[in-house]
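K.L.:
Please see the structure below; I have some questions.
Just so it is clear, none of the values below were taken in a lab; they were calculated from the coordinates. Just so it is clear, the structure is predicted and the values come from calculations on it, not from any experiment. Every residue, glycine among them, receives a Cβ derived from its backbone with ideal geometry; neighbour counts consider all protein chains shown.
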Amino acid sequence: MLEIMRNNASGWIVKILFAVIIFIFVFAFGMSGLNNSGDPTVATVNGQVISRAEYQQMYERAAENLRRSNPDLPPAQTRSPEFKQLVLGQLISEKLLLDQAQKLGIRASDQEVAQGIASVAAFKDDNGNFDKQRYLAALQGIRMTPAEFEANYRQDLTMQRVKDAVGASADVSEAQARQIFDWIGEQVSLDYIEVLPVDFRKDVKVDEAEIEAYYKANQDRFQIPAQVTLRTLSFTPAYLAKFQAVTDDEIAEYYAANKDALQEPEQIHARHILVTVKDSDSEAAQKKAKERIDKIYKEARAGANFAKLAEENSDGPSAPNGGDLGWFGRGAMVPDFEKAAFALDKGEVSEPVKTRFGWHVIKVEDKKEGTAKTLEEARDEIKNRLAEEKASDKANDLLDQATDRLVSGMALTDIASELSLETETTDPMPAQYLAQTFGMSADTAKAVSDLAPGTAYKSPVAINGGYMLVEKVEDIAPSIMALKLVRQTIVNTLKDQKGAELAQTEADKIHAALTGPDAEAAAKKYAARIKTTKPFNRQGNIPGLGQSQPLAKAAFDAEDKDWLKLVYTMPGGGAVVARLNERIPASDADWKDQKQFWLDQAGQNYRREAVAAFMDDLSKNAQVEIARPDILK
């Protein structure tokens, strides 16, 4: 089991997730309730027919559920051959499992079906009792009759009983679970010497011939993609506002009525260091997180560089940026974090603060006090607000008038002129950016990009904040950026490459000395350059060095504290000579607290692998014929 996890972790996780997703589809919607007699055959499995209607019903409901859970999913995703094959593959697996159930005499009883359906939370009333009306309403919502749902539920239970029977033999021992826990929970630290490309930058020279050669050899990197230029007429309050008249009296009246709300809010610029821990974690994990944040806090209070502390210690997404959260006002952060942050003065560091995300240490870099605005200071803001309100009232009427003229064949510039509006012409942009730039749908963006120059899209396009009319002005063919525009980029790239080569050469030299016949003398020579990382796990994020799975693996595989056999290149081009400093076993205390969890997890994994192997064996020995491969394209 341990070897499987080491070598194929990502693979089995993905397979399990897909299996779970498909099982949810089957359980939630049912897939085989139709009478498919006489329906065209999509495939046969050991002589059992998968009909077109059966396949189509499962496909449509699976696609519908996927879209509902992920509204931004591109439509093409559910039309892809991979998705269709996944649906058919699940239907084939069902047929195989049900065939085995029949051979083994396994069938869910009426009582099991009734009890199972009654236990579904969606079918219960507020008191936790089965509610027939809710049950019928829920089935109506997924367009199924009780007979269809119950038949599918019986099949699901029957298939699960086969899986349970297969997985029952895959029990896990405490020793096996502890082996997995120890492997995942183990940490190491490294001694290392890092040689950086920047150390050689002053020695690197790049001549014009090299620049030109790189430019010619890497033209694909400097290609400007095909672009489009559009003419637009927008009908959003923000755009139409400039065509609205707002008087000084209206501005003064608004200011008098909303003076208290017109102020610059208080803001702070802060950094933070996060140690993640959940309330549901074990006491040992909670204690470990608190000890860790307390240590970080002491270092921060002692004057350590806060940004570097965050980069090396924070579990939050802002860690690579030194924990920088930028400027924010009240209401932007969770309450406990906000209270602590706004209580600090500029340059001050907070004591550890607990939120639902874990423990934080916060440093305020700067503060802006809230200030009330005078009428003159607020004039432009008020004018824009009032103009947008007026524009909002007129937008739909103006859009209707413009659309009527568009349908009649009038040009966009003439429409704008008649309505006392103005068109805008965009800068050239790649067609793939249309949806993101304007907020239009992907399908509409493609239709717009496919227009011939001089042609208008024949209906209003929904965009961020409203609608617009649009016509294609120009198609611009792909081109290569001029050398003068990318020259400095090439120079920097070449310097980085040469610096990385020199760093590698220097690191190789250091490595040879530390592992050669005069290793003792070399150790003394380079002693001042040796640093030690903080402990890290197998994920490969090495404090002070960055992400490197090869180096992390070598560290965990090391059997002694000799210098590792290879020099490792880091993502930034640096070269690292390293050796194991300390191996830290997984905590016995954590094992005692988490033993049952790891027994359960290991047991589940063993059972999944047993079922997967069983299904693989069934598939290899099955007679499967795809009668309609065209459906899967």
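K.L.:
When only DSSP loop residues count, what GluC sites (Glu not before Pro) in the stretch 329-377 have their Cβ near at most 14 other Cβ atoms within 10 Å? Kindly include the intermediate steps, with their values, before the conclusion.
P.N.:
Values: sites: E338, E348, E365, E369, E376, E377; in loops: E348, E369.
Filter output for the stretch 329-377: E348, E369.
K.L.:
Once you charge only the Cβ atoms, +1 for Lys and Arg and -1 for Asp and Glu, what is the size of the charge dipole of the stretch 378-500 about its Cα centre, to the nearest 20 debye?
P.N.:
Approximately 800 debye in magnitude.
K.L.:
Right, next: Between the stretch 451-523 and the stretch 547-608, what's the alpha-carbon centroid distance in Å?
P.N.:
The two parts, judged by their Cα centres, are 33 Å apart.
K.L.:
Which whole-number value in Å³ per residue fits the convex hull of the alpha carbons of the chain?
P.N.:
Details: hull volume 182.6 nm³, N = 633.
Measuring per residue, one finds 289 Å³ for the Cα hull of the chain.
K.L.:
Measure off 7 Å from each Cα along the Cα-to-Cβ vector at A252 and D315, then give the distance between these two points in nanometres to one decimal.
P.N.:
If labels sit at A252 and D315, their model points lie 6.0 nm apart.
K.L.:
Hey, got the dipole for the chain? About the Cα centre, +1 on K and R Cβ, -1 on D and E Cβ, debye to the nearest 20?
P.N.:
Details: 78 positive and 96 negative charges, 314 e Å.
That gives a dipole near 1500 debye.
K.L.:
Once you have the Cα-Cα distance between D590 and E60, take 0.36 nm times their residue separation minus that, and quote the gain in nm to one decimal.
P.N.:
Working: separation 530, 0.36 × 530 = 190.80 nm, distance 4.62 nm.
Additional length available on full extension: 186.2 nm.
K.L.:
Toward the positive end of the charge dipole of the stretch 263-372, about the Cα centre and with charges on Cβ (Lys, Arg +1; Asp, Glu -1), which of P317, Q286, A341 goes farthest?
P.N.:
Q286
K.L.:
Give the residue from Q594, V364, Q547 lying farthest towards the positive end of the charge dipole for the chain; charges sit on Cβ (+1 for Lys and Arg, -1 for Asp and Glu) and the dipole is referred to the Cα centre.
P.N.:
So the residue furthest toward the plus end is Q594.
K.L.:
So the label point goes 7 Å from the Cα of R301 along Cα→C-beta, right? Which residues of the stretch 342-368 then have their backbone N under 19 Å from it?
P.N.:
Within reach of a label on R301, which here means backbone N under 19 Å from a point 7 Å along Cα→Cβ, the stretch 342-368 contributes 342-355, 359-365.
K.L.:
With each pseudo-label sitting 7 Å past Cα toward Cβ, what's the A613-F130 distance in nm, one decimal?
P.N.:
3.8 nm
K.L.:
Here is a follow-up. Output ³J(HN,Hα) for the stretch 574-583: one whole-Hz value per residue in order, computed from phi by the Karplus curve 6.51 cos²θ - 1.76 cosθ + 1.60 with θ = phi - 60°, and x for Gly and Pro.
P.N.:
x, 10, 10, 9, 9, 8, 5, 9, 8, 10
K.L.:
Right, here's the next one. Give the value in nm², to one decimal: projected area of the alpha carbon convex hull of the stretch 488-608, averaged over all directions. Write down the numbers at each step before the final one.
P.N.:
On the way: hull surface 46.1 nm².
Mean projected area for the stretch 488-608: 11.5 nm², to one decimal.
K.L.:
What is the distance, in nm, between label points placed 7 Å from the Cα along the Cα-to-Cβ direction at E266 and at D199?
P.N.:
The answer from the label model is 4.8 nm.
K.L.:
If I take R0 = 41 Å and measure r between the Cβ atoms of F243 and D164 in this structure, what FRET efficiency does the formula 1/(1 + (r/R0)^6) give, to the nearest 0.05?
P.N.:
Values: r = 70 Å, r/R0 = 1.70.
Working from the Cβ atoms, E equals 0.05.
K.L.:
Related question: Stretched out fully, how many nm does the piece from Q111 to T413 gain, at 0.36 nm a residue minus the Cα gap?
P.N.:
101.5 nm
K.L.:
Assuming a viscosity of 1.306 mPa s and a temperature of 10 °C, what translational diffusion coefficient in µm² per second does Stokes-Einstein assign to the stretch 263-372, Rh being the Kirkwood radius over Cα pairs?
P.N.:
My calculation gives 113 µm²/s for D.
K.L.:
To continue, here is another question. Hey, with R₀ at 41 Å, roughly what FRET efficiency would E520 and V334 work out to, going by the Cβ-Cβ distance, to 0.05? The partial results should precede the final answer.
P.N.:
Numbers: r = 55 Å, r/R0 = 1.34.
With R0 = 41 Å, the Cβ-Cβ based efficiency is 0.15.
K.L.:
Could you please state, rounded to a whole Å, how far the C-alpha centre of the stretch 64-136 is from the C-alpha centre of the stretch 400-429?
P.N.:
If we compute the Cα centre of each part, the gap is 51 Å.
K.L.:
Leaving out same-chain residues fewer than 8 places away, which lysines sit with a Cα under 22 Å from that of K495?
P.N.:
Cross-link targets: K202, K205, K216, K484, K509.
K.L.:
Fewest first, what order do R271, R579 take by the number of other Cβ atoms within 10 Å? If you can, show how the numbers build up before the last one.
P.N.:
Working: R271 23, R579 19.
Going from sparsest to densest Cβ surroundings: R579, R271.
K.L.:
So how much slack lies between K259 and L375, counting 0.36 nm per residue of separation and subtracting their Cα-Cα distance, in nm?
P.N.:
Values: separation 116, 0.36 × 116 = 41.76 nm, distance 0.85 nm.
Roughly 40.9 nm would be gained on extension.
K.L.:
One quarter of the convex hull surface, Cα atoms only: what value does that give for the stretch 331-394 in nm²? Spell out each step's value before the answer.
P.N.:
Working: hull surface 28.0 nm².
Quarter of the Cα hull surface area: 7.0 nm².
K.L.:
Are there DSSP H segments in the chain that both extend 24 Å or more along their axis (alpha-carbon positions) and score a mean Kyte-Doolittle hydropathy of at least -0.5? List them, or say none. The partial results should precede the final answer.
P.N.:
Values: long enough: 2-29 (37 Å, 1.70); 52-69 (25 Å, -1.74); 81-104 (34 Å, 0.04); 146-167 (31 Å, -0.87); 283-301 (27 Å, -1.64); 375-407 (45 Å, -1.08); 483-515 (47 Å, -0.28); 588-621 (47 Å, -1.24).
Long hydrophobic helices here: 2-29, 81-104, 483-515.
K.L.:
Here's another thing I want to ask about it. Which FRET efficiency value, to the nearest 0.05, is calculated for D557 and Q140 with the Förster distance at 45 angstrom and r the Cβ-Cβ distance?
P.N.:
Values: r = 59 Å, r/R0 = 1.30.
For R0 = 45 Å, the calculated efficiency reads 0.15.
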